[in-house]
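A.B. asks: Here you go, one structure.
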Amino acid sequence: MSFNTFGKIFRFSTWGESHGPAIGSIVDGCPPNIHLSEKDIQKELDKRKPGQSKFTTQRKEDDKVQILSGVFEGRTTGTPISLIIYNKDMRSKDYGKIKDKFRPGHADFTYFKKYGIRDYRGGGRSSARETASRVAAGAIAKLVLQKKLGKKFKVVGAVTQLGILGCDTNKWNDKIISKNPFFCPDKSMIKLWEKYLLGVRKSGSSCGAVIEIRARGIPVGLGAPIYSKLDSDIVSSLMSINAVKGVNIGAGMNSAQLSGEQNSDEILQKGKKLKFNSNNAGGILGGISTGQEIIASFAVKPTSSILTTRNTVDKFGKNTTISVTGRHDPCVGIRAVPVGEAMMNCVLLDHYLMNKAQCQ
């Protein structure tokens, strides 16, 4: 299997399977002399680890990361940083009864047809368990960007829609996001979301979500105008996350409904400062950052593993039915928030380093 590496200058390669002994990543291209400890990475991993609330899978994983290389006396050396996270709470027996069946909505069918073999235990390589390795890499990118861009830099994500229930993004509050199990930025919606998702879980079904990622303190000039546009690389990174089926930059798909007057982000000079009257472009014009807040959102489909019996086929080509038991998120999109933040950090650092190489 090829294509397990993401990035151009700042790159990471992930490895491992959901029910294997461990997962991890190798980060290459990290600048030297960045203060880095396992605690720095662990803070980000703790945001996505399973079993933290009744609204996510009850698989219990500490997700404790260990740095194997690339750090000496607390600082990065510029060499590859190898990270490992051991799996502990695997229940492979949960998949024994369905090992020959293709779960609808999962990658079982396509993996088997492409490779002629698949790890049926939790989806193997296609499992969202792989995203822990991305979050670890993103934590390193975040530290580098904080050092290079200063205190104004920040990437923050939130769930802005849970199933059929949206929230008011005008009420976005960073402090609220980290204080509720939904990563919801609108305090007024938390109780309603709780009642809604408990109903979804009780019925044995699932729901999707929309996650919005905001990046602040980004300088003008990141990105290239044709084949390495900042927005195209952000979209690519977010689309690579498990279960993501759509990505918007700024107004995104909604821009098709706007007039030219509504959509254009007017520019004004106020003293020494440049000001945009709106941000439908999501902080990116012509593939290059404008200096505004970068805004990207992505849609995560409902968790495919549900208790409801569904029609499918097995690997022998016979029609059958399937009901997936075990431990699953009623909304896998909730834990995609720190993954989206990690991918944004990785793309921004990659483009920051490319811009330094060409223009400074």
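The values are calculated or read from the model by the stated rules, or taken from the named source; none is laboratory data. Since the structure is predicted, the reported quantities are computational estimates derived from the model, not experimental observations. All Cβ positions, glycine included, derive from the backbone under ideal geometry; neighbour counts span all protein chains shown. Just the protein is used for accessible areas: all its heavy atoms, side chains included, with ligands, DNA and RNA removed. Shrake-Rupley method; radii C 1.70, N 1.55, O 1.52, S 1.80 Å.
A.B. asks: Once amide H atoms are built 1.01 Å from N in the peptide plane, which residues 5 or more positions from LYS64, or in another chain, come under 5 Å H to H?
C.D. replies: TYR86
A.B. asks: Going by alpha carbons, how many degrees (0 to 90, nearest 10) lie between the helix axis of 337-359 and the longest principal axis of the chain?
C.D. replies: Between helix and principal axis, roughly 40 degrees.
A.B. asks: Taking the Kirkwood radius as the inverse of the mean 1/r across Cα pairs, report the Rg/Rh of region 1-51.
C.D. replies: Taking Rg over the Kirkwood Rh, I get 1.01.
A.B. asks: Round to the nearest 0.05 the FRET efficiency obtained for ILE267 and PHE3 when R0 = 45 Å and r is the Cβ-Cβ distance.
C.D. replies: 0.70
A.B. asks: In Å and on Cα atoms, what radius of gyration and Dmax does region 188-257 show?
C.D. replies: Rg, Dmax (Cα atoms, Å): 16.9, 49.
A.B. asks: Using only Cα atoms, find the angle between the long axis of helix 230-239 and the longest principal axis of the chain, and express it within 0 to 90 degrees, rounded to the nearest 10.
C.D. replies: The helix 230-239 is inclined about 10 degrees to the chain.
A.B. asks: May I ask you to work out the translational diffusion coefficient for region 121-203 at 37 °C, viscosity 0.692 mPa s, via Stokes-Einstein with Rh from the Kirkwood sum over Cα pairs, reported in whole µm²/s?
C.D. replies: The diffusion coefficient I find is 214 µm²/s.
A.B. asks: Here is the link list: LYS43/LYS154; LYS101/LYS245; LYS49/LYS88. Which ones come out longer than 19 Å on Cα distance?
C.D. replies: Going by Cα-Cα distance, LYS101/LYS245 fall outside the 19 Å limit.
A.B. asks: Give or take rounding to whole Å, what are the principal axis extents of the alpha carbon atoms in region 237-292, in descending order?
C.D. replies: Answer, in whole Å and largest first: 46, 25, 14 Å.
A.B. asks: Ok, one more. So for the pair ASP46, GLN257, with labels modelled 7 Å out along Cα→Cβ, what separation do we get in nm?
C.D. replies: A separation of 4.1 nm, rounded to one decimal place.
A.B. asks: Just flag the GluC sites (Glu not before Pro) in region 262-360 sitting in loop per DSSP whose Cβ has no more than 14 other Cβ atoms within 10 Å.
C.D. replies: Counting only loop positions with at most 14 other Cβ atoms within 10 Å, the GluC sites (Glu not before Pro) in region 262-360 are GLU266.
A.B. asks: Tell me the net charge near PHE316. Cut-off is 13 Å between Cβ atoms, PHE316 excluded, with +1 for each Lys or Arg and -1 for each Asp or Glu.
C.D. replies: On the way: positive: LYS99, LYS101, LYS315, LYS318; negative: ASP100, ASP314.
Neighbourhood net charge equals +2.
A.B. asks: In the chain, if every C-alpha pair distance is counted and binned at 20 Å from zero, what percent goes to each bin?
C.D. replies: Using 20 Å bins, I get a P(r) of 28, 57, 14, 0 for the chain.
A.B. asks: Using DSSP to call loops (not H, G, I, E or B), can you name the trypsin sites (Lys or Arg not before Pro) in region 182-225 whose Cβ has at most 14 other Cβ atoms within 10 angstrom?
C.D. replies: Those that pass, being in a loop and sparsely packed, number zero.
A.B. asks: Give, as ranges by residue number, the residues of region 222-260 whose backbone N falls under 19 Å from the point 7 Å along Cα→Cβ of LEU192.
C.D. replies: none
A.B. asks: Solvent-accessible area of THR5, probe 1.4 Å, all protein chains present, reported in Å² to the nearest ten, please.
C.D. replies: 80
A.B. asks: While we're here: Provide the gained length on full extension for the span LYS318 to LYS39, in nm with one decimal, where the gain is 0.36 nm per separating residue minus the Cα-Cα distance.
C.D. replies: 95.5 nm
A.B. asks: Right, something else. Ignoring ligands, DNA and RNA, please state the percent of accessible area on the chain from carbon and sulfur, probe 1.4 Å.
C.D. replies: Exposed carbon and sulfur together represent 53 percent of the surface.
A.B. asks: Tell me the Rg and the Dmax, in Å, that the Cα atoms of region 62-163 produce.
C.D. replies: When restricted to the Cα atoms of region 62-163, Rg and Dmax are 18.7, 53 Å.
A.B. asks: Once you place label points 7 Å from the Cα toward the Cβ at SER69 and GLN146, how far apart are they in nm?
C.D. replies: Placing both labels 7 Å beyond Cα along the Cβ direction yields 2.6 nm.
A.B. asks: Right, another one. How large is the translational diffusion coefficient of region 294-360 in µm² per second when you combine the Kirkwood radius over alpha carbon pairs with Stokes-Einstein at 10 °C and 1.306 mPa s? The partial results should precede the final answer.
C.D. replies: Working: Rh = 15.8 Å.
This corresponds to a translational diffusion coefficient of 100 µm²/s.
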